[in-house]
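Notes for the one structure printed next.
The values are calculated or read from the model by the stated rules, or taken from the named source; none is laboratory data. This structure is a prediction, so every number in the text was calculated from the model and none was measured. Ideal geometry is used to build each Cβ from the backbone, glycine not excepted, and the neighbour counts take in all protein chains shown. The accessibility values were calculated without ligands, DNA or RNA, using every heavy atom of the protein model including side chains. Shrake-Rupley method; radii C 1.70, N 1.55, O 1.52, S 1.80 Å.
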Amino acid sequence: MSINLTRRDWLVGSAAVAGTMIAAGVTNAQTVPAPNLNPTPKNPIRAGFNENVYGHSLKAKKAMEKAAETAHLYDFFTQRALKDVISKMENLPTDHIAVENGSTPFLEKATYEAAIKQGKILTTNPTYSSVPGTAKLLDIEVVAVPVAEDMNIDLEAMRAAMTDDIKLIYICNPNNPIPSTIEKNALREFCIEMSKRALVVIDEAYYEYVNNPNFASMKDLVTEHKNIIVCRTASKIHGFAGVRIGFAFAHPDTMRKVAGRFNLSLSNVAVAGAVESYQDIEYQNFIKKKNRESMDILENMFEELGLKYIKSDTNFAFFHAGRPSTEVAKKLMEHGIMSGRPFPPFTDWVRMSTVKPEEMQYVADTYRKLFG
Ligand SMILES: Cc1ncc(COP(=O)(O)O)c(C=O)c1O
């Protein structure tokens, strides 16, 4: 379906497909714009959780199936192999790398560490909810500095908000739900300076998607500067959101705060899959290409409808819908599309994850039809 499709074309084409579906006995509240695409509220297009909807690399899948055959045994060696793969890729010694069931355990443990010290947490608003949410559970104070007017993380304002009782600084780069990155030199300076006063955690969950010369990972800082932890995850580009693998990069002295001596709670199956997935560059390039195609579909729609949006360094968009995101989510869900939850104070902005281009086209066409 062409991006320049008129509303009339859309309605006419949709009616024809809907007619075929009714004749075939398929009952759907909405129309189907592409073959084999049949989104319903019960089985929606998943544009709400920033996942990789393509699933695993076939090499990873094969490795996981093989590993499942010996999953009744302890397996220490594959874990070492995974650390070796990451060590070579990231140019970090293996004792600076820890593996967990996703990056969430590291984010939570860093928050517990602040709680043990009876300290506060400094972060930004909005940002990813794991650290602030865990802090709320633990009843510790979060100083959440609003993003700047351009909606980027405001490092100057965070500096100004820093106090001695803050024991953890959490920065998500690229941020979530605002999919932009922080200028690399400014962030490097901030991390070095602040790590002398508190534990600094940089969450790089969307690292693989970034295509921006102003961005740099902070992983190089961890060998020299204690008190900095960089988190990564296989949940995004590798499609391991349900399988669970994540990493922390840190100096061994700092690593003790968030990781044990050896992680026995990892799944052999997940580790074996990650060993292959991280080496499957062709697969990662395919996902990046598809992400770009889908992001182009969304950005064309934003431009056409005159909607303000943030240039994305991730696999999700954030745009100004100009109406409550809850209303947008409800209407889209009636058409089998799941979009992001509300992100106060930006409650009239919507977070939309990329999905396969053919699904994204349906999302864009539906959005135009409902709100254009
Ligand atoms: C910024 C950020 N960090 C961490 C996570 C959670 O990652 P994991 O699945 O590795 O626990 C997410 C998930 O959406 C995220 O957006």
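Just a few scattered comments:
- Column: log10 I(q)/I(0), Debye, Cα scatterers of the chain, q = 0.06, 0.13 Å⁻¹: -0.25, -1.07
- Long-range Cα-Cα pairs in segment 229-350 (distance over 19 Å), rounded percent: 64 percent
- Overall form of segment 190-251 per C-alpha gyration tensor (a/c, 1.5; a/b vs b/c): oblate
- Charge context of residue 254, other residues only, Cβ under 11 angstrom, K/R +1, D/E -1: +1
- Restricting the calculation to Cα atoms, every distinct pair contributes to the Kirkwood radius of segment 58-279, found to be 17.8 Å.
- The lysines whose alpha-carbon is closer than 22 Å to the alpha-carbon of residue 167, local same-chain residues fewer than 8 away aside, are 109, 117, 120, 136, 196, 219, 226, 257.
- Nonlocal amide H pairs with residue 200, under 5 Å, H built at 1.01 Å: 169, 228, 229
- Å² of accessible area per residue within the chain, as computed with a 1.4 Å probe and no ligands counted: 46 Å²
- Cα centroid separation - segment 224-253 against segment 86-119, whole Å: 6 Å
- Taking 26 Å as the straight-line reach from the Cα of residue 61, the lysines in range (excluding those fewer than 8 positions away in the same chain) are 83, 88, 236, 288, 289, 290, 356.
- Counted by Cβ distance under 11 Å from residue 232, the other residues give a net charge of -3, where Lys and Arg count +1 and Asp and Glu count -1.
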